[in-house]
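Input: a single structure, listed below in structure tokens.
Each value in this text was obtained by applying a stated rule to the coordinates, not by laboratory testing. Just so it is clear, the structure is predicted and the values come from calculations on it, not from any experiment. Glycine gets a Cβ as well: all are built from the backbone with ideal geometry, and neighbour counts include every protein chain shown.
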Amino acid sequence: MKIALGADHGAFELKEALKQYVEEKGMEAVDFGCFSKESVDYPKYAYAAASAVAEGACDFGIICCTTGLGVSMAANKVKGVRAAVCTNEMLAEMTRRHNNANVICLGQNVVSEELAKKMVDIFLSTEFEGGRHQRRVDLLTDIENGVRLQP
Ligand code: RB5
């Protein structure tokens with residue numbers, strides 16, 4: 001499995017730890033930066049990692065910033081990306097089962113490294129349920145494509 005990683009300076013350490021973690025688990029990590037704690041702009045790194053997932057170059061993405069919020073906003077603007085900020089194990093599981101999320105967003109100042117690793121394990125090993133959830137995910141794609149959804 002190929003994992004795209006991205007982070008800004010606010011989560012450089014978490015990204016480095018998760019990169020090592022996924023490699024230890026036998027997966028390939030593709031690191032889109034940043035590469036130091038020097039201040040950078042999170043949309044650029046979120047966009048790079050999210051685009052790799054959207055284009056099929058990577059299977060999933062792990063994108064981090066101080067809160068997880070900014071990178072999730074950026075990632076979700078990339079067509080084909082379903083990015084979810086996760087702060088506990090249940091969210092990491094449910095966003096795979098119901099939303100077919102392909103990017104997990106984590107905040108270095110929000111979750112511990114230990115919890116982040118647990119969420120990554122769950123996120124990468126949980127299958128999408130499909131069924132009625134497929135219809136809903138298809139509606140998300142419709143929004144991307146400019147369809148004006150009716151309630
Ligand atoms: C950077 O200071 C911080 O704004 C960023 O890491 C992120 O949390 C934004 O949402």
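Summary table
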read-out	value
Residues that are more than 16 Å from the ligand (Cβ to nearest atom), surrounded by fewer than 24 Cβ atoms within 10 Å (Cβ to Cβ) and not in a helix (DSSP H, G or I), drawn from the stretch 46-80	E55, G56, A57, D59, F60, V78, K79, G80
Count - residues of the stretch 81-95 that are more than 16 Å from the ligand (Cβ to nearest atom), in contact with a helix residue (DSSP H, G or I) (Cβ under 6 Å, 6 or more places away or on another chain) and not in a loop (DSSP other than H, G, I, E, B)	3
Any hit, the stretch 19-35, residues being surrounded by fewer than 16 Cβ atoms within 10 Å (Cβ to Cβ), more than 19 Å from K117 (Cα to Cα) and over 13 Å from the mean Cα position of the chain (by Cα)	yes
Check on A49, farther than 14 Å from K117 by Cα and under 11 Å from the mean Cα position of the chain (by Cα)	yes
Members of the stretch 96-118 that are more than 12 Å from the chain's Cα centre (by Cα) and either within 13 Å of the ligand (Cβ to nearest atom) or of a type in the set (S, T, N, Q) (or both)	N99, Q108, N109, V110, V111, S112
